[in-house]
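The values are calculated or read from the model by the stated rules, or taken from the named source; none is laboratory data. The model shown is predicted, which means the values in this text are computed figures rather than measured ones. Virtual Cβ from ideal backbone geometry, glycine too; neighbours counted across all protein chains shown.
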Amino acid sequence: MKTHLRSATLSTAASRIDLPDGITPGHQYYERSLTVALLRAREATMRRFKRYADAHDLTLPQWRVLRALADGEPLDAGTLCQRCVILPPSLTRILRALADRGLILQVPCTDARRHRVALTDAGQTLFDTLVVQSEESRREIDRAFGEEKMQTLLDMLNELREMTESLPDPETLPAKARA
């Protein structure tokens with residue numbers, strides 16, 4: 001009986017939601033959600049690469065930091081946060097863990113307020129190993145999806161990010177404009 005009442009309450013609540021024209025509640029709305037589709041694509045793709053990081057006792061965010069530093073240019077924390085899509089508190093823990101393993105080191109910087117890090121030889125060797133090990137997975141995805149489609153997808157995702165970042169921040173809009 002409680003289940004029936006709860007279902008009735010939920011469906012009543014859903015019917016009271018005033019959705020914009022063209023949007024119907026339920027399964028289709030969820031399945032066509034941009035945020036859900038992006039998350040699902042990310043998870044499915046990252047599962048293909050996680051085993052390589054796991055084999056070397058790395059997290060995927062740690063691998064992203066190694067990748068960002070692999071170009072050889074020392075980077076500061078702010079740049080690493082942006083490039084690796086990692087929040088500052090998480091980056092602090094990641095940098096500490098990588099330094100403890102001897103994979104990165106702090107390098108001198110003319111600005112005493114900034115700290116820059118670079119890969120050690122061991123860090124570069126580990127990165128090179130990971131790239132070689134994971135390359136076949138990357139190629140497999142490219143072949144299955146299509147190399148041209150992959151390039152188009154990457155271009156479109158970057159364009160979507162740039163466009164979204166250029167939109168006004170909803171937190172700074174007057175309450176009337178947000179409604």
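Residues of segment 97-136 being exposed (fewer than 11 other Cβ atoms within 10 Å of the Cβ), of a type in the set (A, V, I, L, M, F, W, C) and within 19 Å of Asp76 (Cβ to Cβ), which ones?
Of everything in segment 97-136, just one residue is exposed (fewer than 11 other Cβ atoms within 10 Å of the Cβ), of a type in the set (A, V, I, L, M, F, W, C) and within 19 Å of Asp76 (Cβ to Cβ), namely Ala112.
Identify, by number, the condition in (1) in contact with a helix residue (DSSP H, G or I) (Cβ under 9 Å, 6 or more places away or on another chain); (2) among the hydrophobic types (A, V, I, L, M, F, W, C); (3) part of a helix (DSSP H, G or I) that Val117 doesn't meet.
So Val117 meets the others, but not (3).
From the residues in segment 65-78 that are assigned to a helix (DSSP H, G or I) and at pLDDT below 95, which one is farthest from Ala118 (Cα to Cα)?
Per the stated criteria, the residue is Gly78.
Can you tell me which residue in segment 12-50 is modelled with the highest pLDDT, limited to those that are assigned to a loop (DSSP other than H, G, I, E, B) and surrounded by 12 or more Cβ atoms within 10 Å (Cβ to Cβ)?
Step by step, filter segment 12-50, then rank; the result is Ser33.
Filter segment 51-65 for residues that are within 16 Å of Cys84 (Cα to Cα) and either of a type outside the set (S, T, N, Q) or surrounded by fewer than 11 Cβ atoms within 10 Å (Cβ to Cβ) (or both) and give the result.
Ala53, Leu58, Leu60, Pro61, Trp63, Arg64, Val65
Going through segment 138-165 one residue at a time, which ones are hydroxyl-bearing (Ser, Thr, Tyr) and modelled with pLDDT of 95 or more?
Passing the criteria: only Thr152.
Does Ser166 fit the bill of being touching a residue at least 24 places away in the same chain (Cβ under 8 Å), exposed (fewer than 14 other Cβ atoms within 10 Å of the Cβ), at negative phi and of a type outside the set (Lys, Arg)?
no
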